[in-house]
Amino acid sequence: MELPYAEPYKIKMVESIKRSTQEQREKWIKQADYNLFNLDAEKVFIDCLTDSGTGAMSDKQWAAMMVGDESYAGSRSFLELRETVNKITGFDYFLPTHQGRAAENVLFSVLVKEGDIVPGNSHFDTTKGHIEFRKATAVDCTIDEAFDTSVQHPFKGNIDLKKLENVFNAHPIAKIPFIIFTITCNSAGGQPASMKNIKEVSALCKKYHIPLYFDAARFAENAYFIRKREVGYEDMSIKKIVKEMFSYGDGMTMSAKKDGLVNMGGFIALNDESIFKQATVFNIMFEGFITYGGMNGRDMGALSVGLDESTEFNYLESRVEQVAYLGNKLLEYGVPVQQPIGGHAIFLDANKFVPNISREEYRAQALAIEIYVVGGVRGVEIGTVLADRDPVTRENRYPALELVRLAIPRRTYTNNHMDFIAATLKNIYDTRNQAKHGYTIVDEAAIMRHFTVKFEKI
Ligand SMILES: *Cc1c(COP(=O)(O)O)cnc(C)c1O
């Protein structure tokens, strides 16, 4: 008999989670104005709201916390982290920040001006927010295959070179300060970009003298997919693949809450000394002195170890294959999910799941609420609510995809939890024809409304 797969870790500490009844959850979600962000975590059984900062640290990371150096300037923990980042990414300059969006805020304060165009592959919401906040425009150049959830393509996070070159040709180059390449592409379903595509995008950027930056939150998962799916990389170490990926770019912003395997943190790494110097000023203003940038010494210590662990094949295999385990179960049940299964999350296709509910009534939000009510499982809408209104016309923007994301925290839940989630979804899917009505918005913010929006049931 072939031996089955088993996780390369054992559990040293456990945390209780609370069960509840469907009646209780119906009451709680109403009290939360049908916004899952507004729900007390205690009222959730399995929390798949995000994989951001929700993972479990290793014993070695906890050990690093104990020996963190809390000096204001020049702490050993900072120096060690800078060295680790340089070793793993190859970038020369490093600025710590308190999380990923803070890295965006600091870097974009240097790079983005009013009227600028920033092309990329389905920009993450905070990335787009920081671009639009500066009255610039984010242009999505993701390949078309990414927008059809049933098309099989190994690298749906790829950038379409034609679309990108069209953007380069349609605007003065001075108006395009850089392009942002998100690896893996969160908004397109946690889908990776291939090394070939990264290389080609890099060459096109060089031809037009436009810098290439990575939004690198899940760079290690991207490297795992390259190793599994791209010819020529099957025997290469993850660290070597990572180094090659970054060698094609000029810098990166990082949310360490993802592939940094820590609960809080972020950074900027780049090669251009002059941009680094300008960013330093903003870092001091917004984040803190350049040798801590909003992070404790102990947190920087845990991040150094986390970056080393997340770029190991054995860890990545357990992480990515657990997500695939859940995804394959759902496919078995006929539940419409984004394919192939992404690196950090399952994306349910609400357009196919609940077509009876109109898009004007936020069908993906309606599905996310139902998953909570039925199973106590919290996911998040990645659809019309997240897409915000057009900054000029103030009309709803209807994205190609209406998704519900179930993000899997790193090293946190067991495959029994995955089975529980799958059963919850099967039950909802089997009764989907009974769903008729969705929700209406009664209150919302002007930008990034999904965090605080309030709904009423129609
Ligand atoms: C999470 C994330 C960010 C923002 O990082 P925070 O740490 O949440 O501020 C930016 N880009 C991508 C792709 C992300 O997943």
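The values are calculated or read from the model by the stated rules, or taken from the named source; none is laboratory data. Just so you know, these numbers come straight off a predicted model, no measurement behind them. Cβ atoms come from the backbone with ideal geometry, glycine included; neighbour counts cover every protein chain shown.
Looking at (1) buried (at least 24 other Cβ atoms within 10 Å of the Cβ); (2) at negative phi; (3) not aliphatic (A, V, I, L, M), can you tell me which one Y362 breaks?
(2)
Quick one: in the range 137-150, which of the residues that are away from the ligand (no atom under 16 Å from the Cβ) and free of Cβ contacts under 8 Å to residues at least 40 places away in the same chain is surrounded by the most Cβ atoms within 10 Å (Cβ to Cβ)?
The qualifying residue surrounded by the most Cβ atoms within 10 Å (Cβ to Cβ) is I143.
Just checking, how many residues over the range 380-423 are part of a loop (DSSP other than H, G, I, E, B) and closer than 17 Å to Q339 by Cβ?
Selection size over the range 380-423: 4.
Here's a check for you: in the range 229-257, which residue that is in contact with a helix residue (DSSP H, G or I) (Cβ under 8 Å, 6 or more places away or on another chain) and charged (D, E, K, R) is surrounded by the fewest Cβ atoms within 10 Å (Cβ to Cβ)?
That would be E234.
Would you confirm whether or not the range 98-117 contains a residue that is assigned to a strand (DSSP E or B), out of contact with any Gly (no Cβ under 6 Å at 6 or more places or on another chain), at negative phi and in the same structural domain as E83 (by TED's automatic domain parsing)?
Yes, the range 98-117 contains a residue that is assigned to a strand (DSSP E or B), out of contact with any Gly (no Cβ under 6 Å at 6 or more places or on another chain), at negative phi and in the same structural domain as E83 (by TED's automatic domain parsing).
Residue by residue, here is whether (1) within 16 Å of the ligand (Cβ to nearest atom); (2) of a type in the set (V, I, T); (3) surrounded by 24 or more Cβ atoms within 10 Å (Cβ to Cβ) holds:
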| position | (1), (2), (3) |
| --- | --- |
| G190 | yes, no, yes |
| A193 | yes, no, yes |
| I198 | yes, yes, yes |
| Y208 | no, no, no |
| I226 | no, yes, yes |
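Being assigned to a loop (DSSP other than H, G, I, E, B) and not hydrophobic (A, V, I, L, M, F, W, C) is the filter here; which residues of the range 163-206 pass it?
Result: H171, P172, P177, T184, N186, S187, G189, G190, P192, S194.
Please indicate, with yes or no, whether at least one residue in the range 96-105 is crowded, with 20+ Cβ neighbours inside 10 Å, more than 18 Å from the chain's Cα centre (by Cα) and more than 16 Å from the ligand (Cβ to nearest atom).
no
From (1) of a type outside the set (D, E, K, R); (2) within 16 Å of the ligand (Cβ to nearest atom); (3) assigned to a loop (DSSP other than H, G, I, E, B); (4) touching a Pro at 6+ places or on another chain (Cβ under 8 Å), pick out the condition that doesn't hold for S122.
All conditions pass for S122, except number (4).
Out of curiosity, is M300 in contact with a strand residue (DSSP E or B) (Cβ under 6 Å, 6 or more places away or on another chain) and either assigned to a helix (DSSP H, G or I) or within 16 Å of the ligand (Cβ to nearest atom) (or both)?
No; evaluated as a whole, the condition is false for this residue.
Taking T384 and the conditions (1) surrounded by 16 or more Cβ atoms within 10 Å (Cβ to Cβ); (2) in contact (Cβ under 8 Å) with a residue 60 or more places away in the chain; (3) within 21 Å of the chain's Cα centre (by Cα), which numbered condition does it fall short on, given that it satisfies the others?
Of everything listed in (1) surrounded by 16 or more Cβ atoms within 10 Å (Cβ to Cβ); (2) in contact (Cβ under 8 Å) with a residue 60 or more places away in the chain; (3) within 21 Å of the chain's Cα centre (by Cα), T384 misses just condition (2).
Is the range 425-432 home to any residue that is among the hydrophobic types (A, V, I, L, M, F, W, C), over 21 Å from E395 (Cα atoms) and buried (at least 18 other Cβ atoms within 10 Å of the Cβ)?
Taking the range 425-432 first, the residues among the hydrophobic types (A, V, I, L, M, F, W, C) are 425, 428.
After this cut, where a residue has to be over 21 Å from E395 (Cα atoms) as well, the list is 425, 428.
So of that shortlist, the ones also buried (at least 18 other Cβ atoms within 10 Å of the Cβ) come out as 425, 428.
Looking for residues that are among the hydrophobic types (A, V, I, L, M, F, W, C), over 21 Å from E395 (Cα atoms) and buried (at least 18 other Cβ atoms within 10 Å of the Cβ), one finds at least one in the range 425-432, hence yes.
Which of the numbered conditions does A350 fail, given that it passes all the others? Conditions: (1) in the same structural domain as N105 (by TED's automatic domain parsing); (2) crowded, with 24+ Cβ neighbours inside 10 Å.
(1)
Kindly establish whether H153 is within 16 Å of the ligand (Cβ to nearest atom) and either surrounded by 21 or more Cβ atoms within 10 Å (Cβ to Cβ) or not charged (D, E, K, R) (or both).
Criteria not met by H153.
Name every residue in the range 34-51 that is assigned to a loop (DSSP other than H, G, I, E, B), touching a residue at least 24 places away in the same chain (Cβ under 8 Å) and either surrounded by fewer than 18 Cβ atoms within 10 Å (Cβ to Cβ) or among the aromatic types (F, W, Y) (or both), in order of residue number.
Selection gives Y34, F45.
Identify, from the list A136, A146, A170, the residue that is among the hydrophobic types (A, V, I, L, M, F, W, C) and modelled with pLDDT under 95.
A146
Check off (1) more than 16 Å from the ligand (Cβ to nearest atom); (2) in the same structural domain as I159 (by TED's automatic domain parsing); (3) touching a residue at least 12 places away in the same chain (Cβ under 8 Å) for K87 and give me the number that stays unchecked.
K87 satisfies all of (1) more than 16 Å from the ligand (Cβ to nearest atom); (2) in the same structural domain as I159 (by TED's automatic domain parsing); (3) touching a residue at least 12 places away in the same chain (Cβ under 8 Å) except (3).
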